[in-house]
1. Quick check on this structure: which one of 83, 163 is over 26 Å from the mean Cα position of the chain (by Cα) and of a type in the set (A, V, I, L, M)?
2. Can you work out which of the residues in region 237-257 that are open to solvent by 10 Å² or more (accessible area, probe 1.4 Å) and touching an Asp or Glu at 6+ places or on another chain (Cβ under 7 Å) is farthest from residue 75 (Cα to Cα)?
3. Answer yes or no: is there a residue in region 107-114 that is among the aromatic types (Phe, Trp, Tyr) and buried (at least 17 other Cβ atoms within 10 Å of the Cβ).
4. Report, ordered by the first and then the second residue, all pairs with beta carbons closer than 6 Å, sequence separation of six or more or different chains, a first member in region 456-483 that is free of Cβ contacts under 8 Å to residues at least 40 places away in the same chain, and a second member that is surrounded by fewer than 16 Cβ atoms within 10 Å (Cβ to Cβ).
5. Take residue 277 and tell me if it is more than 30 Å from the chain's Cα centre (by Cα) and in a loop (DSSP other than H, G, I, E, B).
6. Does region 122-139 hold any residues that are open to solvent by less than 50 Å² (accessible area, probe 1.4 Å) and farther than 26 Å from residue 285 by Cα, and which are they?
7. List, please: which pairs have Cβ atoms under 9 Å, are six or more places apart or on different chains, and start with a residue in region 425-438 that is in a loop (DSSP other than H, G, I, E, B) and end with one that is open to solvent by less than 10 Å² (accessible area, probe 1.4 Å)?
8. Between 505, 553, which is touching a residue at least 12 places away in the same chain (Cβ under 8 Å) and open to solvent by less than 10 Å² (accessible area, probe 1.4 Å)?
Amino acid sequence: MRSLLWMLLVSMLAQATGHAAWAQAGFSTVDQLVERAVAEKQIPGAVVVIGHRGKVVFRRSYGWRSLEPDRERMTAETVFDMASLTKPLMTATAIMQLYQRGLIRLDDPVAKYLPAFGANGKEDITIRQLLTHHSGLPPDLSLTDSWEGKDEAYRRAFAIELAHPAGTQFVYSDINYMVLGALIEKLSGLTLDQYCTRSIIAPLGLEHTRFLPPVSWRPRIAPTQYDNGVMLRGIVHDPTSRRMGGVAGHAGLFSTADDLGVLSQQLLDRLAGRPSRFPLKRPALWKMVTPEQPATGTALRGFGWDIDSPYSSNRGTLLPVGSFGHTGFTGTSLWIDPGSDTYVILLTNSVHPNGHRSSIVALRGQVADAAATALGIRTDGGALAARLTGYNESLSGMRSLPARNGEVKTGIDVLETDHFSLLSELASHHDGKLRVGLLTNQTGIDSRGRRTTDVLMKDAHEAVPGFELKMLFSPEHGITGSRDQPQIEDAVDKATGLPIVSLYGTSDARRRPPLDQMRSLDVVVIDLQDAGVRFYTYETLVGYFLEAAAQTGTEIVVLDRPNPITGSLVQGPVSDPNSESYVNYMPIPVRHGMTLGELALFFKQQRGLKAPLTVVAMQGWQRGDWLDSTGLTWINPSPNLRDLEEATLYPALGLIETTNISVGRGTDAPFEVFGAPWVDGRALALFLNRRFLPGVRFLAVDQTPQAPYPYAGEVCHDVRILVTDRNRLDAPELGVEIASALHHFYPDKFQLAKMQTLLESRQVLDAIEAGEDPQRIADEWRPGIETFEQERQKALLYSPVSDRDEDMKPGTHTGSKRP
């Protein structure tokens, strides 16, 4: 009994002091790492606090708070200059409070609220770009001349010129958060420190956190370095913030490890839906801690918080991507993992005493790893990490598997492997007889290079009693995919003698499957390689077959094939409602990220079509796979898409091919170049290169197209597009960039209005005509993409990493039954 009481008392005491006996032993590696760093004079001292599942499991101080002018022991209650931790803890949180109250929109131009900021080409920089460090602003204000005061700092920040085009690069910049601080003051009517005290610090009950700490705090404040012979103690270390009076959006906050622990725990509680004092609601807080950078950005940043960037080394190697944190120049760091309900705080004053800052990057990561090991945190990080690191619906998530060597079985291969059991089942529903039509072209082949036509004609006929392939249907470009005429006539397949019904011509009736022929068939099998772009007509033809099948009851079977430009990227404006045409079956983005089978399911669901539909799904295909990751052979889906590079650029240059610009048809580089005899290719390439568009560069070339294509026999001064990183490229946005540049240089020659044929977005066209920055134009279509992505979820057949889903049985899936 005494033993039990003793253990209970020890446990209570350990919890009260925040350092349980089991934790002390488990965290011995943390002790060793920090003590060694102090002994080797990497840091004067430190405070470490680790929280896990709602409790402080480790809390300890090390070394010295001050070395000069006097030696003072570090204590756990020491107040530190937080430096850049000010950004996420205060400034970004305050901005999200304003957003939550409806006072701002994140994609609004900053100049809407601070007009002076719009000077020198900054009129389109958005609040989002400031929050994620994609504004194009330089890292800091110059300190080479003498200036003083907050107003002067704001004046200089508002007048500064861009270092890079907005939205194109991640450049960590204090000016971003300095401007956000000015925005908070403008909209709240309070100084930044007043606002943060009232709206963040007080609601959280943080007793030792504030800007401009009082003199009474100084004995407990960790000094930083000498400045003009005076040790900075309780005076902000950051020189820009110091010139601004000690209060700035990028630096100036002081706090303790205990207060950071309180804030971190309240933040975790809010994310988990537990009772919390954190002064933001969950939707706004989630936006702070999940990727919000441009889709083409390689550095994962939330609003204020760092997720996975060159600055996130304090995550270590064991805490998962999906966790988040930040560091401060003075030696402060914080990392939070909602998956394991953990936070790791390491506070030092590593710039003390002379500003010769030792690198503590390794120490931060080592402490995080030691904490994760002691707590038994899984390295996979759970669902949130999987969402951020695997193939998923965000380009920014495509970091761990940019390419692979897969072995994908297409729908026809799966059908063969399954000995045509689906067709046998369908035959049993039709009294043992199955009259079949096949919509296909040269892309319909199996893994052995045999035409789907021949496989069905011979193998399926032998395997399925009553099976009869009656006719073939061909799409645009004909059964061989080699013809580029406005109308293609019916024909006969020489190898089989089957009639070929051409579904390509100048009239709508010619492009639709005849209902009498559909009624003569029990099943239509579709095997086509799509291009993954809204205006590719094979997609509309599938929709037309579904419409016909809804009237005739004919079964539609889609033998699925990969989206060659991946199923993970959704880009470009959603087409306008009621603008349906042969190149726009229904409102979807330019780049929809779906396979033809998924599109068929989506069309059926969205249109409410009663067509009997079965999709024979691929095996082994992942959403993030480009075609070169599948092990499949490239076959030109149409005459002017001759390789994967051209398919990658097709969503860009396809947008302008109906204008009076040559897009390389009739040359050896279709959809890789654009120009005209009246274009100055060198000037245009120079202009576009100066935009620093993600994933591409531009080079001037001269080419002469051949008949029957535009400008046949004339020298076109073209711009060639060189893809440098296809995973960063937003191809539809590139198309808008090119159209905007052409309209800017040649407003009287470039026939912008004709772009609407394939663009099908009046808002985007009007914005280009008005001269709006393409980055801003693209920001405006993002909400439409988000809505579309939600709607398409029910039609998706393939998981982010389908070959890891052991419980998923690849093969045949219907419109109502799918994995």
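1. Criteria check complete, one pass: 83.
2. If we take residues in region 237-257 being open to solvent by 10 Å² or more (accessible area, probe 1.4 Å) and touching an Asp or Glu at 6+ places or on another chain (Cβ under 7 Å), then 243 is farthest from residue 75 (Cα to Cα).
3. Within region 107-114, not a single residue is among the aromatic types (Phe, Trp, Tyr) and buried (at least 17 other Cβ atoms within 10 Å of the Cβ).
4. Within 6 Å, the pairs are 466/432; 466/433.
5. yes
6. Hits for region 122-139 are 122, 138.
7. 430/523; 433/427; 433/467
8. Selected residue: 505, the only one of 505, 553 that is touching a residue at least 12 places away in the same chain (Cβ under 8 Å) and open to solvent by less than 10 Å² (accessible area, probe 1.4 Å).
The values are calculated or read from the model by the stated rules, or taken from the named source; none is laboratory data. Keep in mind that this is a model prediction, so the values were computed, not measured. Don't worry about glycine lacking a Cβ; one is built from the backbone with ideal geometry, like all the others, and counts go over all protein chains shown. What goes into the accessible areas is simple: the full protein's heavy atoms, side chains included, and nothing from ligands, DNA or RNA. Shrake-Rupley method; radii C 1.70, N 1.55, O 1.52, S 1.80 Å.
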